Amino acid sequence: MRRKNLINAIKTGAWTEAENILTQINNNNPTANTTIPPPLISSQTSQCGDYNVLHWACMNPSTPPSTLRLLLRSTSLASKTAQDERGRTPLHSSIIFFKDDERILLMIDACPAAVAVTNNHGRLPLHAAIKYGRQGAVIRRLLEVCPGAVTSVNSDVGTPFEAVMGGSPLCLFFQRWECRGLSEWGDEEGLEVLSSRIGGWMVVRWMSDVAFWLLEAFVCGGIGVDDGFCVLCAALTVKSCSWQFFRLLLLMNPERVFRTNGRGCSVLHVALSMRPLDDDKISNAIQTLVSLNPSAANYHNNSLRLPLSLALEGGKLFEDRMVQGLFRASPSSLRTRDCGAHMYPFMLAAIKQRENDSRDEIEVFESCYRLLIEGPDLVTIYAVQSDV
């Protein structure tokens, strides 16, 4: 009878009555269930069935935080992870119906095990948070509790990671960007243009943060463990990450362009090591990286390789915009011998880099000639070194 009265009070919004009932229940049962196992993604946490009291509370958008706290104190772990006829846990429902992050975070902290429970469609609470555009604090907390959720497969949408990175046409987050004009964001347009197109600066920041956290969880297995280098490299290497996403991450976090890894490689080195360099995404990324941090063209990695040498080794000609940008950023690179191939740039440009190298021989010759024109003294230097 008391359970029925409590459900009716919650359904009708009689919060004083509901809190009185819950206070009596808690007074009669002061011992809370504090033993919570680590989350392991599973769709078999409990048998799907009817809605329990916590479900009803999480489906009412006006449930006060005070009522929710009392209810969580009196609810067993099994009830917190119980699934309704759709396979939703109370946490799923809270993400769908609550518009503020306070109550959703309260649910996550009260039962971390629910973070790893999927519904009948294979959707985790993380999928729901992405679909309904919940606050960054909610998505970050879900990833902190269960980083593995980022690779959990959703039968309708794909992984939560794909939902942000646009790997499938059905990915909800990617569709959100598409309909808001991300694909139409021109290379010469700034963040102000994107902000006005998709609904404001807060939306831009939210989408950038979510993309960064999902990438970080994907490549690092956790949140808050990377300074930005691995995330930017992942954005480069993951095919489903569009050029617009990578550019957004760069423009929103320009300081991460200066990061290097343990081999002394900057993100620019990583981009120039990818093949083919003719790929629009890679080519655009390299040009943007140089424009944001021109000094990066002057620095070699631990193998003493300069960005210009990597570009020429990748089959780029002197006339290419990529090579021109690197040359303008670091003119001294033309006179620096590459320590990997032990050659000057004009020599690297002349070498057939791969079996399917389709470059025209005349164009290659002209490229070498242009490189020598920019540094004619290299011929004398090389002759002297050869005599020695």
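Worth pointing out:
- Alpha-carbon Rg/Rh ratio, for region 245-300, with Rh computed the Kirkwood way: 0.93
- Under the Karplus curve 6.51 cos²θ - 1.76 cosθ + 1.60, θ = phi - 60°, whole-Hz ³J(HN,Hα) for region 195-205, x wherever Gly or Pro sits: 4, 5, 7, 10, x, x, 5, 4, 5, 4, 4
- Stretching K239 away from N20 to a fully extended chain increases their span by 73.3 nm, per 0.36 nm per residue minus the current alpha-carbon distance.
- Put a dot 7 Å past the Cα of H121, heading toward its Cβ, do the same for R2, and the two dots end up 3.8 nm apart.
- Summarising the label geometry, the points placed 7 Å from Cα in the beta-carbon direction at D187 and E319 lie 1.8 nm from one another.
- The string of couplings for region 306-322 from the Karplus curve (6.51, -1.76, 1.60, θ = phi - 60°) is 8, x, 4, 5, 5, 5, 5, 5, x, x, 6, 9, 4, 6, 5, 4, 5 Hz, one whole number per residue in order, with x for Gly and Pro.
- Once backbone amide H atoms are built at 1.01 Å from N, T260 has no partners under 5 Å, excluding neighbours fewer than 5 places away on the same chain.
- Here's the list of lysines a cross-link from K281 could span, going by alpha-carbon distance under 28 Å and ignoring same-chain residues fewer than 8 apart: K131, K239, K316, K352.
- Point-to-point label distance, A350-S62, nm (Cα→Cβ direction, 7 Å offset): 8.3 nm
- Distances between placed amide hydrogens fall under 5 Å for M343 paired with D338, all partners being 5 or more residues away or on another chain.
- Order by protection proxy (mean Cβ within 10 Å, highest first), peptides 224-235, 79-90: 79-90, 224-235
- Applying 1/(1 + (r/R0)^6) with R0 = 22 Å to the Cβ-Cβ distance of R263 and E144 gives a FRET efficiency near 0.15.
- Note on W201 and L106: with the Förster distance fixed at 22 Å, the Cβ-Cβ geometry gives a FRET efficiency of about 0.20.
- Gyration tensor (alpha-carbon) shape descriptor, region 223-324, a/c threshold 1.5: oblate
- For region 292-334, the solvent-accessible area works out to 39 Å² per residue, with a probe of 1.4 Å and every protein chain left in place.
The values are calculated or read from the model by the stated rules, or taken from the named source; none is laboratory data. If you're wondering where the values come from, they're calculated on a predicted model, not measured in any experiment. Every residue, glycine as well, gets a Cβ built from its backbone with ideal geometry; the counts of neighbours run over all protein chains shown. Note: areas computed on protein heavy atoms with side chains; ligands, DNA, RNA excluded. Shrake-Rupley method; radii C 1.70, N 1.55, O 1.52, S 1.80 Å.
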